1. Multiplying the sequence separation of LYS165 and VAL183 by 0.36 nm and subtracting their Cα-Cα distance, what value in nm do you get?
2. In Å², and per residue, what accessible area does the range 142-253 have when probed at 1.4 Å with the other protein chains present?
3. Could you compute the net charge surrounding LEU216? Neighbours are other residues with a C-beta less than 15 Å from the C-beta of LEU216; K and R count +1, D and E count -1.
4. Can you pull the one-decimal nm distance between simple spin-label points at THR242 and SER193, each 7 Å off the Cα toward Cβ?
5. Could you rank LEU23, LEU96 by how accessible they are, 1.4 Å probe, largest area first?
6. Over every pair of different alpha-carbon atoms in the range 43-155, take the mean of 1/r and invert it; report that Kirkwood radius in Å.
7. For ALA146 and GLN124, what is the calculated FRET efficiency with R₀ set at 25 Å and r taken between the beta-carbons, to the nearest 0.05?
8. Once neighbouring chains are kept in place and the probe is 1.4 Å, which whole percent of the accessible area of the range 103-248 is contributed by carbon and sulfur?
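The values are calculated or read from the model by the stated rules, or taken from the named source; none is laboratory data. Keep in mind it's a predicted model, so treat the numbers as computed, not measured. Quick reminder, even Gly has a Cβ in these numbers, built from the backbone with ideal geometry, and neighbours come from all protein chains shown. Note: areas computed on protein heavy atoms with side chains; ligands, DNA, RNA excluded. Shrake-Rupley method; radii C 1.70, N 1.55, O 1.52, S 1.80 Å.
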Amino acid sequence: MATESSRRRFVKNAAAGIGFLSLPAVLSSQIPAAKPLKIVCVGGHPDDPESGCGGVLAAFANAGHTVTIIYLTRGEAGIPGKSHSDAASVRTAESLEACKVLNAKAVFAGQIDGDTIVNNEWVQKISSLLEEEKPDIVFAHWPIDAHKDHQAASLLTIQSWMRSKNKFALYFFEVCTGEQTMVFRPTDYVDISETQELKRKALYCHASQDPPAIYLCGHTAMEEFRGRELGVKAAEGFIRMTGQKKGDLIFTG
């Protein structure tokens, strides 16, 4: 009886302070959550969440948790020869199809591809979107990235995390490491051997972005290498955010 009581207390504490657990522990059936978790991913463009952490998003959805993807932009500048409005229409449709594959909800924040902004207004907007979702775990771009839209998505999420009254764990994902994401040293790994094909299927919904080229950019090698580090077929690596949140922090940028 004492053992069972201790275990229940551990599960309850894990649900209340999920940031102290590794992602594999959260996904493990050995440490079930007291209730379905709410998972959010913030990406700069359509295809970023899918390529960066599609495997873990699929794993959470398959485990019965709720998954939401917030796209900072609609990829307006991402199709050569098309106007911003036409490209946004195409890439929005692709995102919705990808979210169906991952069993996720799509949310579009409203910034413009190639012209993203980090200021007080957008910190508040992203904070509000996250407050509406009430997430337990949030995934975002690593801030040291060659693409400024990725940087913007990351910084806005970090500022939201620092201000949030609702505690959520924040993890950073990698995209095209070496060309875009830089100096990335994972703290957590998730085995995506069983969801690797779902991830690929979701990414291939973004036909306008040449999915084979995205994988050639390094994603196949990344999945294999992170898998080698973990000792499995394929894995995704993440960096866990740590530190004290300051709810009264004043952002002056």
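1. Values: separation 18, 0.36 × 18 = 6.48 nm, distance 3.04 nm.
Contour length minus the Cα-Cα distance gives 3.4 nm.
2. Numbers: 5660 Å² over 112 residues.
The answer is 51 Å² per residue.
3. Working: positive: ARG200; negative: ASP47, GLU179, ASP210, GLU223, GLU224.
Taking every other residue near LEU216 into account, the sum is -4.
4. Taking the two extended label points, one gets 2.9 nm.
5. Details: LEU23 0, LEU96 80 Å².
Most to least solvent-accessible, the answer reads LEU96, LEU23.
6. Details: mean 1/r = 0.0696 Å⁻¹.
Result for the range 43-155, one decimal place: 14.4 Å.
7. On the way: r = 27 Å, r/R0 = 1.09.
Calculated value: 0.40.
8. Working: 3570 of 6980 Å².
Roughly 51 percent, rounded to a whole number.
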